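Chemist: What follows is a structure written as structure tokens; I'll ask about it next.
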Amino acid sequence: MRAFVRRKSDPGGVEPADVPVPRHDDDELLVKVMAVGVGVHDPSFLPGDAGPCFPVGIEAAGVVERVGDGVHAYRPGDRVAFISAMQPKGGTWAEYAVVGADSPIVTIPAGMDFVEAAAVPVAGSTVLRAVQALDAGVPADGTLFVAGGSGAIGTLAVQVARSRGWRVAASASERNHDFLRALGAETAVDYHDRDWPDRIRRWRPEGVEAVIAVLPGTSAECLPVVRDGGVLVTVSGDVVTPERGVRVRVVPHDTDIREGLVRLTEEIARGDKRVEVERVHPFDEAPAALAKVRTGHARGKIVLRLDH
């Protein structure tokens, strides 16, 4: 089958390869991949024993081809979106992928296509975990600042926060400010401007209750806009020294968010929330798609589409 593997000459890149279709076990599904969500770390997020023919990638959408004898929740023909992180039989940048039945798997609602579905699992699960880490520290009418509001994670974070009744501000380049306001942000600031923290403080003089810092290196510069005793969740895992009683947390990856991911996907399918896909690339343009994601300037998600 066609796949993309880590490039031998440059482990940070990818290259096409012809690899065997993986075999599923009793507790696994074999999925025919129709669309792939592209992540900045896909070529490096691999098991330690991954060989040179190991397909990269951790999220996709497709059609269940076969199920193991121990799988009862899914059957061949089901349309699913899923996360398959550190799967020993290969990742999702391939025509077929094996996924464990205990992985985050969502049945794709009627009316949602594979491209849209493939853009939800990783960003959606990250947002749900981040918001769960904030819930106890943010009142119903509380305020949240999203550092990196126009990317795949940020766009969903703004909407999920608004649905909880929180008031939201977010950072992005100026060309994305109207877009952020359309998603529900009250205030949008340009991270290129040195005085953006002052603008957030004018919006909320005592500081915001919480921050979700999406982009690497943004957590420390966000601390001044958090009120005393507030909370900051760093998505990228930035190491930050707390101050003024501000609690600094990382996204809790051991949290089970499968039910929440199902609800979020259904809300997107109904049009209650939206998932932004900036561009859809044919599968053979995977290197170009990865390069775009790595610029950090994609609005929403970049997706690969496969034709079988």
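Chemist: Within the range 49-86, how many residues turn out to be in contact (Cβ under 8 Å) with a residue 40 or more places away in the chain, closer than 19 Å to residue 122 by Cα and of a type in the set (A, V, I, L, M, F, W, C)?
Modeler: 10
Chemist: Give the residues of the range 280-308 that are in contact with a helix residue (DSSP H, G or I) (Cβ under 7 Å, 6 or more places away or on another chain) and basic (Lys, Arg), sorted by residue number.
Modeler: Once the filter is applied, which keeps residues that are in contact with a helix residue (DSSP H, G or I) (Cβ under 7 Å, 6 or more places away or on another chain) and basic (Lys, Arg), the range 280-308 yields 299, 301, 305.
Chemist: Is one or more of the residues making up the range 273-288 over 25 Å from residue 94 (Cα atoms) and in contact (Cβ under 8 Å) with a residue 40 or more places away in the chain?
Modeler: Yes.
Chemist: Further, regarding this structure: For the range 53-89, name all the residues that are in contact with an Asp or Glu (Cβ under 8 Å, 6 or more places away or on another chain) and of a type in the set (Phe, Trp, Tyr).
Modeler: Residue satisfying the conditions is 82 alone.
Chemist: I would also like to ask the following. Which of the following residues is charged (D, E, K, R) and under 19 Å from residue 123 (Cβ atoms): 201, 227, 294, 247?
Modeler: 294
Chemist: With the requirement that a residue be within 20 Å of the chain's Cα centre (by Cα) and among the basic types (Lys, Arg), what does the range 164-207 give you?
Modeler: 164
Chemist: A further question on this structure: Which numbered condition trips up residue 32, out of (1) at pLDDT 85 or above; (2) among the charged types (D, E, K, R); (3) over 22 Å from residue 277 (Cα atoms)?
Modeler: (3)
Chemist: I've got another one for you. Which of (1) buried (at least 19 other Cβ atoms within 10 Å of the Cβ); (2) more than 28 Å from residue 298 (Cα to Cα) does residue 48 not meet, given it meets every other one?
Modeler: With (1) buried (at least 19 other Cβ atoms within 10 Å of the Cβ); (2) more than 28 Å from residue 298 (Cα to Cα) applied to residue 48, the lone miss is (1).
Chemist: I'm trying to understand the selection: among the residues of the range 84-98, which are buried (at least 22 other Cβ atoms within 10 Å of the Cβ) and under 22 Å from residue 280 (Cβ atoms)?
Modeler: 84, 91, 92, 93, 94, 96, 97
Chemist: Sort out which residues of the range 35-54 are touching a strand residue (DSSP E or B) at 6+ places or on another chain (Cβ under 6 Å) and either modelled with pLDDT of 95 or more or among the polar types (S, T, N, Q) (or both), and write them in order of number.
Modeler: 35, 36, 37, 38 - these are the residues of the range 35-54 that are touching a strand residue (DSSP E or B) at 6+ places or on another chain (Cβ under 6 Å) and either modelled with pLDDT of 95 or more or among the polar types (S, T, N, Q) (or both).
Chemist: Considering the range 27-39 alone, what residues qualify as being surrounded by fewer than 23 Cβ atoms within 10 Å (Cβ to Cβ), assigned to a strand (DSSP E or B) and out of contact with any Lys or Arg (no Cβ under 9 Å at 6 or more places or on another chain)?
Modeler: Scanning the range 27-39 gives a single hit, 32.
Chemist: Of the numbered conditions (1) more than 17 Å from residue 240 (Cβ to Cβ); (2) buried (at least 20 other Cβ atoms within 10 Å of the Cβ); (3) at pLDDT 95 or above, residue 177 satisfies every one except a single condition; which is it?
Modeler: Single failed check for residue 177: (2).
The values are calculated or read from the model by the stated rules, or taken from the named source; none is laboratory data. On a predicted model such as this, the values are computed, not experimentally measured, just so you know. Glycine also receives a Cβ, built like all others from the backbone with ideal geometry; neighbour counts cover every protein chain displayed.
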